[in-house]
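None of the figures in this text is laboratory data; all of them are computed from the coordinates on show. Values in this document were obtained by computation on a predicted structure and should not be read as measured data. Counting neighbours? That spans all protein chains shown, and the Cβs are built from the backbone with ideal geometry, glycine included.
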Amino acid sequence: MKIAIEGCMHGDLDKVYQTLKLIESQNGTKIDLLLCCGDFQAVRNERDMESLNVPLKYREMKSFWKYYSGREIAPVPTIFIGGNHEASNYLWELYYGGYVAPNIYFLGFAGVIKFGNIRIGGLSGIYNARNYRTGHHERAPYNESGIRSVYHVREYDVHKLMQVEEPIDIFLSHDWPVGITDCGNWKQLVRYKPYFEKEIQEKTLGSKAAAQLLEKLRPAYWFSAHLHCKFSAVVQHGEGGPLTKFLALDKCLPRRKFLQVIEIESEPGPYEIQYDEEWLAITRKFNSIFPLTFKNANFGATQLEMEDCRQLVSSRLQERGTKPFEFTQTAPPFDPTQSDPNGSFSGCPRNPQTESLLQLLELPYLLDSTSESREGRYSPSAAQLIERVLVRGFRTPYKSNSFKDSCAVLFRLIFFFKPVLSQFYKYAGSFVHNSEEIPIDDVDESELEEADDVDTKKEYNLMLHGQRENMDFSRHVPMQEGGGFLTGTIVRLRFIMKRARSGSWASGANNRQLRPACCSVLTLVSGQLTFRGCEGL
């Protein structure tokens, strides 16, 4: 079996399929399967682009819509996982996996399927420690925080993959398993990507969850993308143990190493995509604890036995067959001749493939279950604690006008609500740019920093010159409407600490100069709670 592996697709299906045809004609061979390692961008129409986490200048329709609409048919069976630049609203419809277009199959947020007798597993998204132990709480339309966290890997999905016992031939992940660079020529890698060196040395380049799965599953092949470069490695699992051949590939651009063809021993064709019995049994066993709020799954609460699940799945597949359910459109495809191609569809519909699969497994449909109310992200006890801290902190007399005592107000408050901040970081989602989320080669970080710096200085010119009465903190976008206020507050805190370290504040500065910042932080943490302690300051 000849399998082509592609790195980051970024919606350029036409270009990839044209490249495959060229390879076939030059070598006189037939490629049986295409695997894509994420950032597939299954954008059906203009509305889907609202769920695509990329800068506005990079939002393009590309060519997936042609295959979704039926204008084009994928010439090679295609299987892909999600990355961190996806039409997340569409992929959520197919959380358990399914066809996004004829002959193009999404493995799901986590999944295992068969192609012929080759067993292929995959994990969508990228690792982010802040969201790893939360549930799938995001719902379309996504706010600024949700659009950045919806593609973060969750422990629930990794836990299901950790239950797989039968051998895996190929595994796909978008980001690399952490530590994989130790098994390849990392020095050559840093010559091409010098900013990777620090993360390699600190063992932070890559996904801890993927590394855990690599050690458990030990597949013959592991393919990744995300970092937009080619890198290979060989992992030896214990002394005399099996080997895993690792390969990461680039994105689809001219003169970039984005495609590789390998040959795997397999039964003779023809080949077709089939459900995997063990994986469907795992899905049935753990669906009852599917976490759909900020809370993580309670893994000890499963009531079904694996053996019983396996028997039910086996009997159902014998009755129906192992071929996945057929593709069905759930939104109108892009039509360049229409000015409003999406007007007749709204919301996030149930995908018939998902409904049919759940009926086959005798499971309820949960994907449209309402997440925790966004107004209720923080418990009343947390809000009450913050209010007590605020009152205590601001009503403590500070007679001195020294800068030291001014900072003491802020430090005192941070010390008192440190437990609340820990809870906040756990549940608030992704709100600050980090190296995982920035599309490499796609964003000029200096532009972002410059914009943040300008906004911060404007805000603090008011604060530092005693114009607090002109600052209305209620005008900020509330936390549940997006992460802009949160990101801005973090920037403001950094500004304060920078001024503190440099000693550039006048020695006569007093507590009042820091109080607006404290109000900003506390308003942020508590949602829309009104603090009596702020009145009359």
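Pairwise Cα distances in segment 152-290 exceed 24 Å for 39 percent of all pairs. Please give the FRET efficiency for N185 paired with R59, using the beta carbon to beta carbon distance and R0 = 51 Å, rounded to the nearest 0.05. That pair, N185 with R59, gives E of 0.90. Sites listed here are chymotrypsin sites (Phe, Trp or Tyr not before Pro) in segment 258-354 whose DSSP assignment is loop and whose Cβ has at most 16 other Cβ atoms within 10 Å: F345.
In this structure, S288 and E215 have a Cβ-Cβ separation that, at R0 = 30 Å, corresponds to a calculated FRET efficiency of about 0.60.
Against the compact-protein benchmark of 2.2 N^0.38 Å, the Cα-based radius of gyration of segment 142-229 scales to 1.21. Were the residues from D335 through R320 laid out at 0.36 nm apart, the gain over their Cα-Cα distance would be 1.8 nm.
For segment 1-66, the Kirkwood radius over C-alpha pairs fed into Stokes-Einstein at 20 °C and 1.002 mPa s yields D = 163 µm² per second.
Per-residue extension of 0.36 nm, minus the Cα-Cα distance of Y192 and E265, leaves a gain of 22.9 nm for this segment.
Overall, the ratio between the Cα radius of gyration of segment 66-203 and 2.2 N^0.38 Å, rounded to two decimals, is 1.19. Within segment 1-105, the trypsin sites (Lys or Arg not before Pro) that combine a DSSP coil assignment with at most 12 other C-beta atoms in a 10 angstrom radius are K30, R71.
Between R350 and E202, residue separation times 0.36 nm minus the direct Cα-Cα distance comes to 48.9 nm.
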